[in-house]
């Protein structure tokens, strides 16, 4: 005899074995409705318009941007070092070198009328080092009628054509006006800029003076000036963004493949080791967080000799430099120490209470049973995973181009920047200032919209996945848990079809609300930090208290909205109502059944959250290991710091784990909400819940009933005892 399919394949509202039973079910109300209507159409139109705007916005970045600008400087012609499309072709010449040491020295004073960017710099293959026996020179790019050399010949000659100069050119060069400049100080490649070392070459300096060269300042300002420019806040921020592009293989492996494998392995384990997964998750979490913290200590230089260095390539072992990146690692190491201590102490504190997870583990057994029967649930998260992977790759690429899409303009300065022009064949003092990248206000708005798009698309895909899973599990519940093996994939297809046809707009508005709150929180965080600094300086305790209070209030609002949206998606899958109606229904169900599902929900969420953290921490750990290779430490693709790639892999790992853990998480929550809906529809008794589900929920109710009277009895006994004493 064939099992009645009912809501499993979406043909009938309820399973029935006779016409009388079917009529009776229809009178009780159609819970999983199939006569649905399109909901929240206006928000669907808004979501489509958003996608059009996002494509246009990203196209602007791809058209105007150049990611090389994030790490490499501009030369005296306004070219980006290393850019093959420059004039001339600078491919392979990615290191920026300031040719005039006097100008570098002058820009280091506070009362200077110009900064380092206003003075002449050139792009080289490596930073020049003074010779032990002869005076070396670095000359302008070969051009004009006097210097007939190609760029390849110029590089082969080690950038030196001083012997080819005319007497006027030599005289100009001895006055530090070019076209050739002496190499008097050693320099090292510090993040693609040549930083001078204060120890001058006595041999080169003596030969320079013998030739009648101009006096050269050699104070301590020389090395600090370049170092200050390299470590400016804007430069560090650009390098952090560029690190993401350079470490793209790490992001693919550690942010995509590894969390995928670990998430699938976790789902397989929870089906077979349900009782032990709580302890396994807690212990593994403690081990991983300790390991990641140790790696931060290693890279910060507090343990071992593997600290990050801003120097690229071979250099003198006595050259020790550090920058903001290492300071940021120090801060993160301290922060991770605090988090690690709190996590381990919390694990010890809840060790005795882990036994309370029995209820959620039994609920997980029900979820595992459904996952085992509806096999498509295991592989379904691969679809949203693939969509997000494609989107993230395009989004990260567009981010690199958007952040580098400014316009290169020549500065207006009052500095003495006169230099010899090979084309004009004379010293030119007009339009000789350096170049900077100018960002217009609309670029800032484009970047903000791009970041907001990241949040909305991420939340939309997660919401879409959760709603599809909820629809499949709910169909199983309202079919008395009966499903045929040969149609075990149909609940997924039916759920996707219902969602795409009727409720995409509902998912769009729900994800829009979450993304708006999240992006607002991230944007307001720097502003709140600045306000706290002002409040501390002015000793304004009221302002500081309001700042802290507003922060935690925003966190609470974000958590509440996430919780409400999560349950709303489940009710959308069950009832097909609009987002706001489904939110109200889910809230009422939880409020009316809080004693039944409270502890089961809380404990389950905690354990699943720890599981996500385990996957994301493992992703961060593998990212550390990959970034510790030569390719990312010393070669052309050197990352300035492992901090941002590791944090990005951590975040991507958490997102991937969320997609796959949603199979269990949403299944449990859907079963519980369906149970509550079933109870509401049938006046306190459930008609569709399986005995395996009723057992943990009934045990929880009995436990809550016994705890309260026990306290009353003890109080009654205490009162009687006191009465007897008196």
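The values are calculated or read from the model by the stated rules, or taken from the named source; none is laboratory data. Note that the structure is a prediction, hence the values are computed from the model and not measured. We place every Cβ from the backbone using ideal geometry, glycine too, and count neighbours over all the protein chains shown.
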Inset, instruction - Quick one: in region 266-288, of everything that is in a loop (DSSP other than H, G, I, E, B) and over 19 Å from residue 662 (Cα atoms), which residue is modelled with the lowest pLDDT? - result: 275
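Okay, residues lined up against (1) farther than 19 Å from residue 204 by Cα; (2) touching a helix residue (DSSP H, G or I) at 6+ places or on another chain (Cβ under 7 Å); (3) outside the structural domain of residue 416 (by TED's automatic domain parsing); (4) in contact (Cβ under 8 Å) with a residue 12 or more places away in the chain:
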position	(1), (2), (3), (4)
81	yes, no, yes, yes
87	yes, no, yes, no
98	no, yes, yes, yes
115	yes, no, yes, yes
140	yes, no, yes, yes
154	yes, no, yes, yes
Inset, instruction - Give 190, 241 a once-over and let me know the one that is under 27 Å from residue 631 (Cβ atoms) and not assigned by TED's automatic domain parsing to the domain that holds residue 328. - result: 190
Legend entry - Count of region 169-192 residues which are in a helix (DSSP H, G or I) and in contact (Cβ under 8 Å) with a residue 40 or more places away in the chain: 4
Inset, instruction - Among the candidates 306, 319, single out the residue that is within 18 Å of residue 626 (Cα to Cα), at pLDDT below 85 and in the same structural domain as residue 627 (by TED's automatic domain parsing). - result: 306
Inset, instruction - Output yes when any residue across region 642-652 is in the same structural domain as residue 474 (by TED's automatic domain parsing), surrounded by 23 or more Cβ atoms within 10 Å (Cβ to Cβ), modelled with pLDDT of 90 or more and assigned to a loop (DSSP other than H, G, I, E, B), and no when none is. - result: yes
Inset, instruction - Answer yes or no: is there a residue in region 66-75 that is within 20 Å of residue 428 (Cα to Cα) and part of a loop (DSSP other than H, G, I, E, B). - result: yes
Inset, instruction - Could you pull out the residue among 603, 561, 574 that is in a helix (DSSP H, G or I), surrounded by 23 or more Cβ atoms within 10 Å (Cβ to Cβ), modelled with pLDDT under 85 and at negative phi? - result: 574
Legend entry - region 120-142, residues that are part of a loop (DSSP other than H, G, I, E, B) and either closer than 25 Å to residue 78 by Cα or in contact with a strand residue (DSSP E or B) (Cβ under 8 Å, 6 or more places away or on another chain) (or both): 120, 125, 126, 127, 128, 129, 135, 136, 140, 141, 142
Inset, instruction - Please work out if residue 295 is surrounded by 20 or more Cβ atoms within 10 Å (Cβ to Cβ), assigned by TED's automatic domain parsing to the domain that holds residue 634, at pLDDT 90 or above and out of contact with any strand residue (DSSP E or B) (no Cβ under 7 Å at 6 or more places or on another chain). - result: yes
Legend entry - Top-ranked residue of region 18-47 - restricted to ones that are at pLDDT 85 or above and surrounded by 13 or more Cβ atoms within 10 Å (Cβ to Cβ), ranked as farthest from the chain's Cα centre (by Cα): 38
Inset, instruction - Could you grab me the full set of residues in region 612-641 that are outside any helix (DSSP H, G or I) and surrounded by 16 or more Cβ atoms within 10 Å (Cβ to Cβ)? - result: 638, 639, 640, 641
